[in-house]
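The values are calculated or read from the model by the stated rules, or taken from the named source; none is laboratory data. A quick note: this is a predicted structure, and the numbers were derived from the prediction, not measured. Cβ placement follows ideal geometry from the backbone for every residue including glycine, while neighbour counts extend to all protein chains displayed.
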């Protein structure tokens, strides 16, 4: 009987040791998994090539040394959210050309403003043979998308020069930013500063003809662009191509289709002559 009791005691001790080993092993595996995987879809954890994308690509555009007398071409596309297969096809089509200098991505990189969505779109567009610059869309500003966008792409409102042209990228997501945008005072200062450029392109996601732009902003926006002789007002958001003159013949407005439509627009700038072509893949 005594031997039996001693054996049972040893078994109990062994069982406790085994249980503790299993628990600690499980905790170790869980810790390792937490290191390798996201804690939450809202966590912003980025690789180096996923940070400051716009600024790094603007430096690449600057390094092209496009002179004021040079002809250059850029692509306008938008609304890449969730269309990963189409994005790959669009990028591949652009890469087969040798006449494009850079790409403008006109907002809505995501459906739900999730970091994973931003990462997936960047994985596609970073394979372009040319730099790309993105503007924020309304879908990019939901959940914690605002923080994710700025962490990956930088400021919402930026401007840069290429050759004889000025590009002004403007946040026009009126509803998602508590009706505090677009910042038309900033836009006016940028337009004033662009007086010496032959061409001025104002690029944003939501077009000024859409109520989500803020109806109280539409007239002033249009008047500013006409006053300072902007060349084009360029947008996405509506997922369909549209070229029109809602504010008069002196201000052309162009809306590009979503990437799912497998099309994009190529602009050619030669001096003060700006032309464009709708490209269907």
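Checking each residue in the stretch 235-246 for being more than 22 Å from the chain's Cα centre (by Cα) and more than 19 Å from residue 274 (Cα to Cα) picks out only 246.
Looking at residue 241, is it in contact with a helix residue (DSSP H, G or I) (Cβ under 8 Å, 6 or more places away or on another chain), assigned by the TED database to the domain that holds residue 170 and touching a residue at least 40 places away in the same chain (Cβ under 8 Å)? No. Being surrounded by fewer than 22 Cβ atoms within 10 Å (Cβ to Cβ), touching a helix residue (DSSP H, G or I) at 6+ places or on another chain (Cβ under 6 Å) and not in a helix (DSSP H, G or I) is a property that residue 260 lacks. Looking at the stretch 122-138, I want the residues that are not assigned by the TED database to the domain that holds residue 85 and have a partner that is surrounded by 18 or more Cβ atoms within 10 Å (Cβ to Cβ) with Cβ atoms under 7 Å, at least 6 apart or on another chain. Which pairs are those? Going by the 7 Å Cβ cut-off, there are no qualifying pairs.
If the condition is being within 22 Å of residue 105 (Cβ to Cβ) and out of contact with any strand residue (DSSP E or B) (no Cβ under 9 Å at 6 or more places or on another chain), then the stretch 187-245 contributes only 212.
Evaluate the stretch 240-248: report whether one residue or more is at pLDDT 95 or above, crowded, with 24+ Cβ neighbours inside 10 Å and part of a strand (DSSP E or B). Even if it seems obvious, please write down each step before you answer.
Filtering the stretch 240-248 for residues at pLDDT 95 or above gives 240-248.
If we keep only those that are crowded, with 24+ Cβ neighbours inside 10 Å too, we end up with none.
Checking the stretch 240-248: not a single residue is at pLDDT 95 or above, crowded, with 24+ Cβ neighbours inside 10 Å and part of a strand (DSSP E or B).
Name every residue in the stretch 128-152 that is in contact with a helix residue (DSSP H, G or I) (Cβ under 6 Å, 6 or more places away or on another chain), part of a loop (DSSP other than H, G, I, E, B) and surrounded by fewer than 24 Cβ atoms within 10 Å (Cβ to Cβ), in order of residue number. Matches in the stretch 128-152: 128, 129, 131.
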